[in-house]
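Data first, discussion second: the structure below is written as structure tokens.
Please treat every number below as a calculation from the coordinates, not as lab data. Just so we're clear, the structure is a prediction, and the values are computed from it rather than from any experiment. Here Cβ is always computed from backbone atoms with ideal geometry, including for glycine, and neighbour counts include all displayed protein chains.
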């Protein structure tokens, strides 16, 4: 459920990028931060380990126009990819309006993708989220690499909800904004 500040005439949506370690969640946010108008974005806050992996979350606030006369702000977060940070994943998911599941397209990452996908649903159901009220997109990332799954195979393996699917290469930016647009439209539509 978005946070609505009537005094400031502002609607705040929370979008979470979820996926296994090194799948491209942080790279998505870094690309968006580099490419979006500086007047429409806040500071990218990132907490990383010595190995440059996200320990807790990345956060990027965006202001993207108005809905029903109210300013919209999207707060973009990532969760840590490593499964032993599940308590942090749960915290980041609280109050979520939309989720982008970032799937690593490499064949060698199948087990990590499936584990992370199942963990996402366990965490959402565990906190009582009404899944029909959330925006949800599966981003098939790293499409620029060789030795990757076909879109059809990944869709069959990871998309039990029939959700929208986008293809991307977060490192080059291909598909990054397409994915964000899909989930933003969903969460706005669901607040009706």
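Taking other C-beta atoms within 10 Å as the exposure proxy, 23, 184 rank 184, 23 from fewest upward.
In terms of packing, defined here as the mean over residues of other Cβ atoms within 10 angstrom, the peptides 66-73, 146-153 line up highest first as 66-73, 146-153. Relative to the longest principal axis of the Cα atoms of the chain, helix 25-35 runs at roughly 50 degrees.
Below 8 Å, C-alpha to C-alpha, sequence gap of six or more: please give me the relative contact order for the chain in percent.
In percent, rounded to a whole number, it is 24.
Dividing the convex hull volume of the alpha carbon atoms of the chain by its residue count gives 116 Å³ per residue.
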